[in-house]
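Chemist: Got a structure here, written out as C-alpha cells. Questions coming.
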Amino acid sequence: MPGKFMVTTPIYYSNAPAHLGHTYTSMACDVLARWHRLRGDDVFYLTGLDEHGGNIEKVAKASGTSPQEWCDRIASEDIAFFRELGITNDDFIRTTEERHRIATEAFWKAVASRQAPDGKPNIYKGEYTGWYCAKCEAYFAEGELEAGNCPIHGTPAEKLKEETYFFHLSGYQGELDRLFEGELAKPAEERFVYPETRFNEVRGILREGLRDISISRTKVGWGFPVPGDPNHVIYVWFDALINYLTGAGYPGKGERWGHWDSVIHVMAKEIIRFHALLWPAMLMAAGIPLPRKVVVHGWWTVEGDKMSKSKGNVVDPREFSREFSLDSVRYFLLREIEFGVDGDFSRKRFIERYNSDLANDFGNLVHRTISMAFRYLEGRVKRPASSPWEGEFIKRWEGRASRVREAAKAESLTFTQAAFITLANDGLALPQFQQALADIWELVGSANKFLDTEAPWKKEKDEQERILGQVLEVLEAASWPLLVFIPDAAMKLRAQLGLTDVLPPGPVKRASLPEIFTLTAGDPLFPRIDTKKPAK
Ligand code: MSP
C-alpha cells in the first residue's frame, strides 16, 4: 500500500565542508528515499546544515568573515557537493533560515508553557557548572570524562559555570523508561532504535538516570535568542533537533505535516543520546508525536585512521566518483559494511570490490549476455515461457518463497521480478543495505553460473535463445531494485534491454515486459580497473 515516508540525515555542522562520512549517511537515506519512491510512496527526504553555535562563530572569525557569510559559503559548497553525489533530497534546511527561527520560537514557547509529567515546569532558569567540550558543544558529568577528556573527542574538557535555562529532561525518565520497556515486546528490528546494539546502549544510558540539560548559552552569540530573554541564545542542539519539525512545516500544519508520523532519523552513533533520548523527551514536552525510528550507523575510518583535517586524510568522495563512477561509490559504501558497524575506506578495498562485484559478477554478465545475443540472435531474444529462477530462489530462501508468490500476484509481476523486490525490501526495511545487495548479488551470481553450465556457445539456436532469454529475464528483474543503489548503471542496463520506461527519481512507471527483448549494444557498465596501471 503506498503511503508517506519521511527520512532525515542529521543536519551537518557548517564549520567545515562535507566529506565521506556525511556522504555515507546521505547515500543511505538516498537509497531509502529512492526505494520508497519506486514503491509509489509519497517521499519527503530532508537534509541540511546546522549553522549555529560557538564553533561556527569561531571558524568564521578566524577566516575574517561574519558567521552568516561563512554559513552561506559552506551551504553553497555543500549543496553542490550533494548534488554531484546524486543525493535526491526534497528539501535542504539551514538553521539560520527564517522558517526555522519561527519554528524554534514556537517550539520553545510550546514546551515552556507546559509541564513535565512530574508536574514541574519543562523549562526553568538556573545555574550550570559542568565539564564542557567545545567540539561537542555539550556538557559532561565528571564521571563521563575519560582522564579529564571528552569521551568523544579525547580533547580536554573545560569546567564552566553559567546562568542557563534548563530543560527538565529528568522529568521524562518514567515516560522514556516505559517507551523503551514497551519496545522490548517487539522484534529487535522493529524497535524505536535500530540496530539492537544501539537500542541496548540507549537503555544503558537510561538506567544510569537522566539529568536536566542546559539549553541556553550566555557565552555564545550566534544563535536564536531565547524568547523573552535575549541575553540567552538557544543551545545549538535544542535548536538543531527542531530542524526536523521545521522541515515538516511546523508550526503550521501544512501538506508536509502529513509526513511527520512516518519519519525515520538516520545518523552515526556519536549523536544517539540526542536523538533517542533528548529529542523524544522534547517532543513529548511539546505534545508532538515521536518519530517512527532512530537508525544508527557506525563510523568510517580511512586507511585505518580517523578522518581529520589535521591528518590531511579527509576523503572527498567526488574524487572517487569522477575517477571510477558515482555508482561505484554508492555501491562500495553500502555493500562493504554491515549497517551499524564501523567501516574502513581504502583505495585498495574499493578497487577490489569494484572489480569483483561490479566489473566481474555484474558488468561482465550483462556484457557477455548481450554480446552473445547479438552474435547468435541479432539482438532479439524471446522472453522465456518458463523460468528456472523460482527453483534457484527456493534453494536459497525457501522461507520467503510464499511471500514472493503473493507479491507477484498482488503487483502483477513475474516470480523473478517479485523475488528481487522482496530481497531488496527485506534488507531495506531494517535497513540493512549490505544484506539487500548481498542477496541481489547472490541471485545474479546464480545467473552467471547458469550461463557457464548451460554454455550457449555450444548449443543450437533454439537453446541459445532459451538460455540467453532466461539470463535477460534475471537482469531485467534485478535492474529494478538496482535503480536505487546504482541508478546510472541500472538505467543503462534497462536501455540495453530495450526498456526506456523509468526516470528515477521522478515519477516512476514500469513498462510491462515485452514478448521479445530488443537489445541495444552498449559499453561495459563497469569497465575493469587495471591495478597494474599507475594511479592517476
Ligand atoms: N550538527 C550535528 C547534528 C545535528 S542533527 C539534529 C552534527 N553534525 S556533524 O557535522 O558532526 O555530523 C555528524 C554526522 O555526520 C554523523 O552522525 C554521521 O551521520 C555523519 N558522519 C560524519 N563523519 C562520519 C564518519 N566518519 N563516519 C560515518 N558517519 C559520519 O553532529
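Chemist: Here are the criteria: (1) open to solvent by 30 Å² or more (accessible area, probe 1.4 Å); (2) in contact (Cβ under 8 Å) with a residue 12 or more places away in the chain; (3) not in a helix (DSSP H, G or I). Tell me which single one TYR132 does not satisfy.
Modeler: (1)
Yes/no per residue for (1) in contact with a strand residue (DSSP E or B) (Cβ under 8 Å, 6 or more places away or on another chain); (2) within 30 Å of VAL314 (Cα to Cα):
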| residue | (1), (2) |
| --- | --- |
| ILE337 | yes, yes |
| SER346 | yes, yes |
| ASN355 | no, yes |
| LEU377 | no, no |
| ALA401 | no, no |
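Chemist: How many residues are under 19 Å from the mean Cα position of the chain (by Cα) and either within 15 Å of the ligand (Cβ to nearest atom) or assigned by TED's automatic domain parsing to the domain that holds PHE339 (or both) if we restrict to the range 251-278?
Modeler: The number of residues fulfilling the criteria is 14.
Chemist: Looking at the range 288-315 only, could you name the residues that are away from the ligand (no atom under 13 Å from the Cβ) and either polar (S, T, N, Q) or open to solvent by less than 50 Å² (accessible area, probe 1.4 Å) (or both)?
Modeler: ILE288, LEU290, LYS293, SER310
Chemist: Within the range 1-104, considering only strands (runs of 3 or more DSSP E) that don't extend past its boundaries, which have at least 2 residues that are within 11 Å of the ligand (Cβ to nearest atom), modelled with pLDDT of 95 or more and within 29 Å of ALA286 (Cβ to Cβ)?
Modeler: 42-50
Chemist: Give the range 88-108 a look and list any residue that's under 26 Å from TYR24 (Cβ atoms) and of a type in the set (D, E, K, R), or say none. Lay out the reasoning, then the answer.
Modeler: Applying the first criterion (under 26 Å from TYR24 (Cβ atoms)) to the range 88-108 yields 88-97, 100.
Of everything in the range 88-108, those that are under 26 Å from TYR24 (Cβ atoms) and of a type in the set (D, E, K, R) turn out to be ASP90, ASP91, ARG94, GLU97.
Chemist: Among (1) farther than 15 Å from ALA276 by Cβ; (2) small (Gly, Ala, Ser); (3) out of contact with any helix residue (DSSP H, G or I) (no Cβ under 7 Å at 6 or more places or on another chain), there is one condition GLY221 misses while meeting the rest; what is its number?
Modeler: (3)
Chemist: Next up: Quickly run through the range 25-51 and pick out the residues that are under 25 Å from GLU97 (Cα atoms) and of a type in the set (Gly, Ala, Ser).
Modeler: SER26, ALA33, GLY48
Chemist: Now for a different question. Could you check, for the range 110-120, whether at least one of its residues is open to solvent by 30 Å² or more (accessible area, probe 1.4 Å) and part of a helix (DSSP H, G or I)? Don't jump to the end; show me each part of the working.
Modeler: Kept after step one, since they are open to solvent by 30 Å² or more (accessible area, probe 1.4 Å), are these residues of the range 110-120: 112-115, 117-120.
The next check asks that each one be part of a helix (DSSP H, G or I); those that pass are 112.
Checked the range 110-120: at least one residue is open to solvent by 30 Å² or more (accessible area, probe 1.4 Å) and part of a helix (DSSP H, G or I).
Chemist: Mind counting the residues in the range 406-429 that are outside any helix (DSSP H, G or I), open to solvent by 40 Å² or more (accessible area, probe 1.4 Å) and farther than 21 Å from VAL31 by Cβ? Show your work before the answer.
Modeler: Filtering the range 406-429 for residues outside any helix (DSSP H, G or I) gives 411-414.
Those left that are additionally open to solvent by 40 Å² or more (accessible area, probe 1.4 Å): 411-412.
If we keep only those that are farther than 21 Å from VAL31 by Cβ as well, we get 412.
Residues that pass the stated criteria total 1.
Chemist: Kindly provide the set of residues from the range 250-261 that are open to solvent by 20 Å² or more (accessible area, probe 1.4 Å) and in a helix (DSSP H, G or I), ordered by number. Can you show your working first?
Modeler: First, the residues of the range 250-261 that are open to solvent by 20 Å² or more (accessible area, probe 1.4 Å): 250-258, 261.
Selection gives GLU255, ARG256, TRP257, GLY258, ASP261.
Chemist: Can I ask one more? Inspect the range 215-223 for any residue being modelled with pLDDT under 95, closer than 28 Å to VAL263 by Cα and within 16 Å of the ligand (Cβ to nearest atom) and give the result as yes or no.
Modeler: No, the range 215-223 contains no residue that is modelled with pLDDT under 95, closer than 28 Å to VAL263 by Cα and within 16 Å of the ligand (Cβ to nearest atom).
Chemist: Would you check which residues across the range 276-287 are in contact (Cβ under 8 Å) with a residue 60 or more places away in the chain and surrounded by 16 or more Cβ atoms within 10 Å (Cβ to Cβ) and list them? First the steps, then the outcome.
Modeler: We begin by selecting, within the range 276-287, every residue in contact (Cβ under 8 Å) with a residue 60 or more places away in the chain; these are 276-278, 280-282, 284-287.
Correct list: ALA276, LEU277, LEU278, PRO280, ALA281, MET282, MET284, ALA285, ALA286.
Chemist: Here's a follow-up. List every residue pair whose Cβ atoms lie under 8 Å apart, where the two residues are 6 or more positions apart in sequence or sit on different chains, the first residue falls within the range 400-425 and is of a type in the set (Asp, Glu), and the second residue, located anywhere, is open to solvent by less than 30 Å² (accessible area, probe 1.4 Å).
Modeler: GLU411/ALA418; GLU411/ILE421
Chemist: Looking at the range 430-450 only, could you name the residues that are surrounded by 20 or more Cβ atoms within 10 Å (Cβ to Cβ) and more than 17 Å from ARG335 (Cα to Cα)?
Modeler: ALA447
The values are calculated or read from the model by the stated rules, or taken from the named source; none is laboratory data. Small disclaimer: the values here were computed from a predicted structure and weren't measured. Cβ sites come from the backbone with ideal geometry, for glycine too, and all protein chains shown count toward neighbours. Areas reflect the complete protein model, heavy atoms only, side chains present, ligands, DNA and RNA absent. Shrake-Rupley method; radii C 1.70, N 1.55, O 1.52, S 1.80 Å.
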